[in-house]
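Comments concern the structure below.
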Amino acid sequence: MKKQQGIVYGLDDVPKPFAKALGLGLQHVLTMFGATIAVPLILAPAMGMNAYQTGVLVAAAMLSAGVATLLQVNFGTRLPIVQGMSFAFLGPFFAIIAAVGGRGGDPATIMTYIAGAMILGAFVEMFIGFSGIIGGIQNILTPVVIGPVIALIGLALFGVGAPMAGQNWFLSGIVIILVFYFTLVLGRKKPTLSLFSILLSVLIAYIIAATLTITGVYVQGTPGFVDFSGVAAAELFRLRLVFPWGVPRFDIGFFLAVLAGYLASIIESYGDYHAVAVVAKAPELTGKQVSRGIGMEGIGCFLAGIFGGLANTSYTENIGLVGLTGVASRYVVNIGAVVLIFLGVFGKFGATVATIPTPIIGGLYTTLFGLIAAIGISTAAKADLSSMRNMMIIGFILFMGLSVPEYFKGLAAAGTPFAISGAPLLADIITTIGQTGMAVAAILGLILDNIIPGTPEERGIPRKKLTTAK
């Protein structure tokens, strides 16, 4: 393959010596590391996981990401794109946690239901990908719908940001200040720092917390105390890699709720594939590549359910790294994937990550969730926001995505859960969907955006449509 201007290593190049290739692969791991561990660390406290269980979840997430990346790079789009934990599934997962936890389910039981919902949803994603219909999905799932759905990923979690960070504003404040400083101040002068802003901010806050713990300032029970007991208890290498939480359980309501996350993930990946093809100076992306890519993401999510991890999607951060460094080598990304698999098998690693205190994670909440909401708004802006049609649809589904879950919470709190006489299963399905803001917005948006007349330009549908041709 002819070397393109601005590209140091092309798709098929193998950097030598191996130490250089390893270093470049580790850089991909570091770039996606912060966001990838953030997802399990966000969910673990909500499930009431102890340090050991949190360590298993982190390790399983790393193993899943590594396997999914290998599949994507070698059999999917065959582009240098990294897979990792997706924030798009947080809303549905929190709904599952609330439902199962409300029935007295322990963390392992909750994870079996999450795994079951992921596995069922993965079959849908595989079908959308391998069937080739992804090329036409942009006509029914436009920025008018996907923008508010992405925004709700962040907005729907407002209730856990400041309350968790407020357990120790000193530590969470350090994270918040450093994320802004590394991203928006130092990052302007040294762009590499902005890539590692999350990782550096958490690491610095963690070192401070660990120092205060070792010196006795923070004691057991103090928010910010670093509990190392889980590291000692963790196994050196995890032996139970398959179904670490138990055999998956399936619930049709949970499955339908998770579909909203899959739809958001598919559209996000759809754009990411085009972006990485451009920055890697790869040949023009074909519909066949996109179809394989989405199909392989479905397989990756299926395997994540088997490994006890969480759903994967393509990582935009790593696309930026390819553009920044000019290293588009698949070999390099494969090395990074193997490192992720090793970290997923090495039990002590996950246990160490699990020692990060809750207030530090709370600081991440406050910075990341708002950013996700802003990304959703920018996505919606691809449609014509001067159109009253679009403004009414976007405003309505955003409001309903926040308000309808509150309605169902109120019913549960009053002891009068939603019920349909003679159809308890249907009532459970509607309740699960109704408790998930993303699902509410996606369903209402798909209906309104596709039955109310609007021009393609108004709805944000690009003129150049993706085909399934070779």
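No lab work stands behind these numbers, since they all come straight from the coordinates. Model, not experiment: these values are computed from the prediction. Virtual Cβ from ideal backbone geometry, glycine too; neighbours counted across all protein chains shown.
Summary of computed values
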| read-out | value |
| --- | --- |
| Compactness relative to 2.2 N^0.38 Å, alpha carbon Rg of the chain | 0.95 |
| Projected-area mean, region 153-269, by convex hull of Cα positions, square nanometres | 11.7 nm² |
| Among 355-362, 375-382, the order from most to least packed when residues are scored by Cβ within 10 Å on average | 355-362, 375-382 |
| Distribution of pairwise C-alpha distances over region 74-174, 10 Å bins, in % | 11, 27, 37, 19, 6, 0 |
| For peptides 98-111, 446-459, sequence by mean Cβ density within 10 Å, most packed first | 98-111, 446-459 |
| Fully extended contour minus Cα-Cα distance, from Phe399 to Phe228, at 0.36 nm per residue | 57.2 nm |
| CD proxy at 222 nm, helix term only [per DSSP H run n ≥ 4: -39500 (n - 2.57); per residue of the chain; nearest 500] | -22000 deg cm²/dmol |
| Vicinal HN-Hα couplings computed from phi for region 62-78 (Karplus, 6.51 cos²θ - 1.76 cosθ + 1.60; Hz; Gly/Pro x) | 5, 4, 4, 5, x, 5, 4, 5, 4, 5, 5, 6, 9, 10, x, 5, 6 |
| At 0.692 mPa s and 37 °C, Stokes diffusion of region 247-344 via Kirkwood alpha-carbon radius, µm² per second | 217 µm²/s |
| The chain - charge dipole about Cα centre, Lys and Arg +1 at Cβ, Asp and Glu -1, debye rounded to 20 | 1180 debye |
| Spin-label zone in region 354-368 - amide nitrogen under 16 Å from a point set 7 Å from the Cα of Val217 along the C-beta vector | 357, 359-360 |
| Count of lysine pairs in the chain with Cα separation under 17 Å (8 or more residues apart, or interchain) | 8 |
| Relative contact order for the chain, counting Cα pairs under 8 Å that sit 6 or more residues apart, in percent | 35 percent |
| Computed over region 212-294, Kirkwood Rh from alpha-carbon pairs, angstrom | 18.4 Å |
| Region 1-101, relative contact order in percent, only Cα pairs under 8 angstrom and at least six apart counted | 26 percent |
| Charge-dipole axis of the chain as Lys and Arg at +1 and Asp and Glu at -1 on Cβ define it, positive-most pick from Ile134, Tyr218, Ser172 | Ile134 |
| Cβ-derived FRET efficiency at R0 30 Å, Leu26 paired with Phe127, nearest 0.05 | 0.25 |
| Local net charge near Ile335, Cβ-Cβ under 15 Å (Lys/Arg +1, Asp/Glu -1) | +1 |
| Stretch gain in nm, segment Ala19-Leu371, where the contour uses 0.36 nm per residue and the Cα spacing is subtracted | 123.2 nm |
| Gyration tensor verdict on region 1-99 (Cα atoms; rounded if a/c is under 1.5, prolate if a/b is larger than b/c, oblate otherwise) | prolate |
| Region 126-274: relative contact order in percent, alpha carbon pairs under 8 Å with at least 6 residues between | 17 percent |
| Along each principal axis, Cα extent of region 78-131, largest first, Å | 44, 22, 17 |
| Radius 12 Å from Cβ of Ala257, net charge of other residues (Lys, Arg +1; Asp, Glu -1) | -2 |
| Projected-area average for region 314-470 over all orientations - Cα convex hull basis, square nanometres | 16.6 nm² |
